[in-house]
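Read the structure below first, then the notes.
The values are calculated or read from the model by the stated rules, or taken from the named source; none is laboratory data. Remember, it's a predicted structure, so these values are computed and weren't measured experimentally. Neighbour counts are summed over all protein chains in view; Cβ atoms, including those assigned to glycine, are modelled from backbone coordinates with ideal geometry. With ligands, DNA and RNA removed, areas are computed over all heavy atoms of the protein, side chains included. Shrake-Rupley method; radii C 1.70, N 1.55, O 1.52, S 1.80 Å.
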Amino acid sequence: GKSWKNVGLKESNHIGSIIVDPENPNRVYVAAMGPLWSEGGERGVYISDDGGETWRNTLEIDEHTGVSQIVQHPTNPDVLFAAAYQRRRHVFTYFGGGPGSALYKSTDRGETWVKSQRGFPGGDLGRIGLAISPANPDITYAIVEAAGDKGGFYKSTDEGASWQRQSGYSTSGLYYQEIIADPVDPDRIYSMNTYMQYTDDGGKTFQAVGEGYKHVDNHALWIDPEDPEHLLAGCGGGIYESYDRASTRHY
């Protein structure tokens, strides 16, 4: 990291996530969100097969919609999910959703995409956060913003072919809407929020972790795959560490 080389996608302005293919280090997937203050730019899923030297767009939705996240199946890398997110900032307001927001799935390593949201609420959606359980890759979780308080926490046990609403729990897509699955327990998921939340029953109920001596505004979480009691949380106050799964009030 001592030096860097720009390899493109400048017109995206914002990158939602980057994935390196586990079987080919030169194949890279990028979720390009596009400009916040204007339409157009580079939006969608971009793939490079030469380590970032050249890019091609395999999921282009419209001039107002980009992609905020891509996740890849841990045991079947042909399967990917992409969360499309329509949003726009104006001086006088912010639009955090619209008809462009949707969940897409690919079964050919991102070359083609189809919508995969049977069981999701109808109407306009906002930001969608995704996590595939490392403990049981047959389970995929989604946290969904939707118009009319129809959003919530969803679970799929058939690789996204259908979804079941677990609860009405959701967060703010403008700031959060990010979930992280525990590497050992398929029912435990953490939700990034002003105050971090977690569930032990697959999203049916949520409760706060211990944050008595920790800063709030959570945006990142690393879980030790060999010891899930060990956490590193990235938040508005820096990085905090826990060795008891964030169960106590002291860090």
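The table that follows gives values for the structure above.
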quantity: Which numbered condition Tyr85 fails, given (1) touching a helix residue (DSSP H, G or I) at 6+ places or on another chain (Cβ under 9 Å); (2) surrounded by 16 or more Cβ atoms within 10 Å (Cβ to Cβ); calculated: (1)
quantity: Subset of region 42-56 (residues that are open to solvent by less than 60 Å² (accessible area, probe 1.4 Å) and aromatic (Phe, Trp, Tyr)); calculated: Tyr46
quantity: Single residue of region 178-193 satisfying the filter (open to solvent by 20 Å² or more (accessible area, probe 1.4 Å) and either in contact with a Phe, Trp or Tyr (Cβ under 8 Å, 6 or more places away or on another chain) or among the charged types (D, E, K, R) (or both)) that is farthest from Ala131 (Cα to Cα); calculated: Asn193
quantity: Filtered residues of region 42-51 (kept if of a type in the set (Gly, Ala, Ser) and either within 22 Å of the chain's Cα centre (by Cα) or part of a strand (DSSP E or B) (or both)); calculated: Gly44, Ser48
quantity: Options Tyr175, Tyr169; residue that is closer than 24 Å to Phe120 by Cα and open to solvent by less than 60 Å² (accessible area, probe 1.4 Å); calculated: Tyr169
quantity: Residue list for region 202-244, filter: among the hydrophobic types (A, V, I, L, M, F, W, C), farther than 23 Å from Asn136 by Cα and open to solvent by 80 Å² or more (accessible area, probe 1.4 Å); calculated: Ile239
quantity: Any hit, region 29-41, residues being modelled with pLDDT of 95 or more, open to solvent by 50 Å² or more (accessible area, probe 1.4 Å), of a type in the set (D, E, K, R) and not in a loop (DSSP other than H, G, I, E, B); calculated: no
quantity: Checking Ala131 against (1) surrounded by fewer than 22 Cβ atoms within 10 Å (Cβ to Cβ); (2) of a type in the set (A, V, I, L, M); (3) out of contact with any Asp or Glu (no Cβ under 9 Å at 6 or more places or on another chain); (4) not in a loop (DSSP other than H, G, I, E, B), the condition it does not meet; calculated: (3)
quantity: Pairs with Cβ under 7 Å, 6+ apart, first in region 85-104 and hydrophobic (A, V, I, L, M, F, W, C), second loosely packed, with under 13 Cβ neighbours inside 10 Å and assigned to a strand (DSSP E or B); calculated: Ala102/Lys115; Leu103/Lys115
quantity: Qualifying residue in region 56-73 (condition: touching a residue at least 60 places away in the same chain (Cβ under 8 Å) and among the hydrophobic types (A, V, I, L, M, F, W, C)); calculated: yes
quantity: Where a residue in region 1-27 is free of Cβ contacts under 8 Å to residues at least 12 places away in the same chain and its partner, wherever it lies, is surrounded by 12 or more Cβ atoms within 10 Å (Cβ to Cβ), with Cβ under 7 Å and at least six apart; calculated: Val20/Val28
quantity: Region 110-150, subset small (Gly, Ala, Ser) and closer than 18 Å to Gln69 by Cα, residue nearest to the chain's Cα centre (by Cα); calculated: Gly129
quantity: Residues located in region 1-28, provided they are assigned to a loop (DSSP other than H, G, I, E, B), open to solvent by less than 30 Å² (accessible area, probe 1.4 Å) and under 22 Å from Ile128 (Cβ atoms); calculated: Leu9
quantity: Single residue of region 62-77 satisfying the filter (assigned to a strand (DSSP E or B) and of a type in the set (Val, Ile, Thr)) that is surrounded by the fewest Cβ atoms within 10 Å (Cβ to Cβ); calculated: Val71
